[in-house]
Amino acid sequence: MSYHNRSELQDLGCSSPLLLQPLWDTMRTREAFARSPFFPVIFSIITYVGFCLPFVVLDVLCPWVPLLRRYKIHPDFSPSVRQLLPCLGQTLYQHLVFVFPVTLLHWARSPARLPQEAPELLQLLSHVLICLLLFDTEIFAWHLLHHKVPWLYRAFHKVHHQNASSFALATQYMSIWELFSLTFFDVLNVAILQCHPLTILTFHVVNIWLSVEDHSGYDFPWSTHRLVPFGWYGGVAHHDLHHSQFNCNFAPYFTHWDKMLGTLRSADSRELCAASHLNQEKKQT
């Protein structure tokens, strides 16, 4: 690497805190609320519902807009109100009754103050990526175990598979044990890396978005798996195949663990759409 290129990287590393400092300073003006036990629950619910709502609107419009059906994995399926409301209700109930008390206990034990300086941009990006890779590994192992051991599946994971065709609000339709497991891995990884609070928030936003997108049922040209090269990221079609066949694609995001253990199965949206049409025809005959 030339001296000129090294200098550019050093300048980027030195100036990156300045890029995030105005944002962090703005967030610190709400420090009392950000440090309260209410913030994690409210932040999680608002982020999750905010990401789900556009897909709910698309599901409502889909029967009337043929263009949308081109990007829907199961074009003949739209979640009903009877499916949507229990999913939303369970998410709210679990966060208020189970997640909030845990957050309250953690806050009472260690109400840490927010740092004055923002993280470096490169550090934030690298920590978010590492957290995603760690989370993907942990959930792959948890997920595989809960599918291979029948009583674990029946007791804890079957709830998440009650909706055969995925939709956005079904992302967090799960048992309380599964929710706590995901939350534990989430918190563990940022603690191991000693992530900056802004990095933690960024990771949570990215993690929630990727989860919702994977369950949305829509495969757009700008979907994440189309932006990540070399098939490293599975995406919505990848995860939808898991929900329909149960014995493949156990990793939530990336594909390397399924490749190494022989559980990877690929299918593009057109194959899934064809399978959906075939199933509909079988039901009608």
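The values are calculated or read from the model by the stated rules, or taken from the named source; none is laboratory data. Model, not experiment: these values are computed from the prediction. Positions of Cβ are generated from backbone atoms using ideal geometry, with glycine treated the same way; all protein chains shown enter the neighbour counts. To get the accessible areas, we keep the full protein, side chains included, count just its heavy atoms, and leave off ligands, DNA and RNA. Shrake-Rupley method; radii C 1.70, N 1.55, O 1.52, S 1.80 Å.
Tabulated values for the structure
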| read-out | value |
| --- | --- |
| Debye, to nearest 20: dipole size of the stretch 64-179, +1 on Lys, Arg Cβ, -1 on Asp, Glu Cβ | 460 |
| Net charge dipole size for the chain [Lys, Arg +1 and Asp, Glu -1 on Cβ; Debye, nearest 20] | 620 |
| Net charge of Cβ neighbours under 10 Å - reference residue 168; Lys, Arg +1; Asp, Glu -1 | -3 |
| Accessible area (Å², 1.4 Å probe, nearest 10) - residue 232 | 140 |
| Residues of the stretch 179-208 with amide N under 18 Å of the 7 Å Cα→Cβ point at residue 34 | 190-191, 194-206 |
| Stretchable slack from residue 158 to residue 228, in nm (0.36 nm times residue separation minus alpha-carbon distance) | 22.2 nm |
| Cα long-axis angle, helix 81-94 against the chain (0 to 90 degrees, to the nearest 10) | 30 |
| Residue-normalised accessible area of the chain, expressed per residue, 1.4 Å probe, Å² | 55 |
| Total lysine pairs under 24 Å (Cα atoms) in the chain, excluding pairs fewer than 8 apart on one chain | 5 |
| Value of D in µm² per second that Stokes-Einstein yields for the stretch 88-186, Kirkwood Rh from Cα pairs, at 37 °C (0.692 mPa s) | 205 |
| Cβ-based net charge around residue 22, under 15 Å, with every Lys or Arg adding one and every Asp or Glu removing one | -1 |
| MRE, 222 nm, helices only [DSSP H, n ≥ 4, -39500 (n - 2.57), over the chain, to nearest 500] | -20500 deg cm²/dmol |
| Length added when fully stretched, residue 126-residue 104, from 0.36 nm per residue minus Cα-Cα | 5.0 nm |
| Rg(Cα) / (2.2 N^0.38 Å) computed for the chain, rounded to two decimals | 1.09 |
| Protein accessible area in the stretch 98-249, 1.4 Å probe - carbon and sulfur % | 70 |
